[in-house]
1. What number of residues within the stretch 303-320 are touching a residue at least 40 places away in the same chain (Cβ under 8 Å) and farther than 20 Å from LEU80 by Cβ?
2. Looking at (1) surrounded by fewer than 20 Cβ atoms within 10 Å (Cβ to Cβ); (2) within 17 Å of ALA165 (Cβ to Cβ), which one does ASN264 not meet, given that it meets all the others?
3. Taking the options GLY162, GLY172, name whichever one is of a type outside the set (Asp, Glu), crowded, with 18+ Cβ neighbours inside 10 Å, out of contact with any strand residue (DSSP E or B) (no Cβ under 7 Å at 6 or more places or on another chain) and at pLDDT below 95.
4. Taking the stretch 110-142 as the search range and keeping residues that are of a type outside the set (Lys, Arg) and in a helix (DSSP H, G or I), which one is surrounded by the most Cβ atoms within 10 Å (Cβ to Cβ)?
5. Does the stretch 132-147 hold any residues that are closer than 13 Å to LEU98 by Cα and among the β-branched types (Val, Ile, Thr), and which are they?
6. For the stretch 206-237, what are the residues that are surrounded by fewer than 24 Cβ atoms within 10 Å (Cβ to Cβ) and more than 27 Å from LEU60 (Cα to Cα)?
7. Test each condition in (1) modelled with pLDDT under 95; (2) over 19 Å from the mean Cα position of the chain (by Cα); (3) assigned to a helix (DSSP H, G or I) for ARG95 and report the one that comes out false.
8. Is it the case that some residue within the stretch 49-62 is surrounded by fewer than 18 Cβ atoms within 10 Å (Cβ to Cβ), touching a helix residue (DSSP H, G or I) at 6+ places or on another chain (Cβ under 8 Å) and either assigned to a strand (DSSP E or B) or on the phi > 0 side of the Ramachandran plot (or both)?
Amino acid sequence: MALGPLMIDIAGLALDAIDREVLRHPLVGGVILFSRNYADRAQLAALCTELHALRTPPLLVAVDHEGGRVQRFRSGFTELPPMARLGEAYARAPRTALSLATELGWLMAAELRAVGVDFSFAPVLDLYTATSRVINDRAFHAEPDAVGRLAQAFMRGMHEAGMAAVGKHFPGHGSIVADSHHELPIDRRPLSRIRHRDMVPFRLLCAAGIEAIMPAHVLFPQVDNVPVGYSTRWLAGVLRGELEFQGAIFSDDLSMSGAAIGANHVERARRALAAGCDMCLLCNDRPAAVRVLHELDLAPEPLSVVRLMRMHGRHGLGERALAASPRRAAAMRAAAQLGEDPSLELGDDAPA
């Protein structure tokens with residue numbers, strides 16, 4: 001059975017009979033986990049094992065685990081600082097900050113891979129602005145080149161831990177005040193301005209071989225009359241064509257207010273997939289997810305299946321090896337210091 005194009009969620013700490021039935025549906029290809037699905041590392045490892053055993057090939061198991069405000073699992077995991085702390089460090093000591101970014105990317109990924117999570121939706125490639133309600137300190141930096149360099153270093157660490165990376169939110173959400181969880185943000189800038197700022201980190205990460213991209217639920221009326229995740233112009237024309245991106249495209253959650261075009265979730269999923277998404281997220285609305293499974297009539301797209309298969313987790317440390325790892329201990333200390341004291345003296349180094 002091929003991986004289907006839908007990623008859905010579950011309600012609790014373990015699977016029930018209805019979960020198992022739904023997750024075996026051929027249109028399902030992945031599961032996204034939330035804080036409600038986590039009690040401790042042993043429970044999470046058992047849940048991931050069961051999720052992976054349901055199907056062949058195994059379902060993808062994902063989570064939003066960036067650090068700062070967006071970290072679903074806390075107790076038993078290192079509390080990662082907001083990525084803006086790395087940007088502050090980069091302003092003082094670029095080479096040291098890039099090294100720290102690699103270690104934090106490795107730490108995040110290694111802790112998740114040890115319990116069986118395939119990937120995190122990270123890194124954030126948006127630009128920092130103080131006015132953004134949804135991005136803000138989730139972003140590495142305000143300058144595109146700095147975001148690109150820090151994100152590449154973070155991705156390098158993820159890869160060393162056996163995890164693929166997902167850059168978000170294409171072509172950039174950080175310059176917009178509105179939060180797409182609650183409304184549809186509108187950015188009236190022309191494509192030329194977006195290309196020369198917000199899109200720069202995405203261009204750099206695409207060239208560096210990032211495995212996946214998540215488009216923003218943002219409307220750019222000077223480029224297209226639909227939000228990015230439903231736009232062939234953005235996904236096929238700009239992302240696949242101009243940026244030559246070859247990896248997987250994951251829609252953001254189709255239950256968000258910013259995604260609310262079309263009569264229902266079935267229409268949203270149909271439009272997102274037709275525009276170029278390989279997998280659509282349907283979160284926190286099981287009745288809507290079931291309706292999509294029943295009403296969305298399509299065959300697996302072979303190229304999408306290949307792209308999605310590359311998102312499975314690779315080699316990683318087991319729990320015992322992770323607990324004994326000197327690299328983890330050093331990375332945990334660095335994360336704690338960076339989180340507690342943003343003005344941490346990092347030492348002098350020449351501009352990288």
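1. 11
2. (2)
3. Of the residues listed, the single one that is of a type outside the set (Asp, Glu), crowded, with 18+ Cβ neighbours inside 10 Å, out of contact with any strand residue (DSSP E or B) (no Cβ under 7 Å at 6 or more places or on another chain) and at pLDDT below 95 is GLY172.
4. Ranking the qualifying residues of the stretch 110-142, first place goes to LEU112.
5. Passing the criteria: only VAL147.
6. LEU219, PRO221, GLN222, VAL223, ASP224, ASN225, VAL226, ARG233, GLY237
7. (1)
8. Within the stretch 49-62 (the criterion being surrounded by fewer than 18 Cβ atoms within 10 Å (Cβ to Cβ), touching a helix residue (DSSP H, G or I) at 6+ places or on another chain (Cβ under 8 Å) and either assigned to a strand (DSSP E or B) or on the phi > 0 side of the Ramachandran plot (or both)), the answer is no, since none of the residues qualifies.
The values are calculated or read from the model by the stated rules, or taken from the named source; none is laboratory data. None of these values were measured; they are calculated from a predicted model. Because the Cβ atoms are built from the backbone with ideal geometry, glycine has one as well, and the counts that use them run over all protein chains shown.
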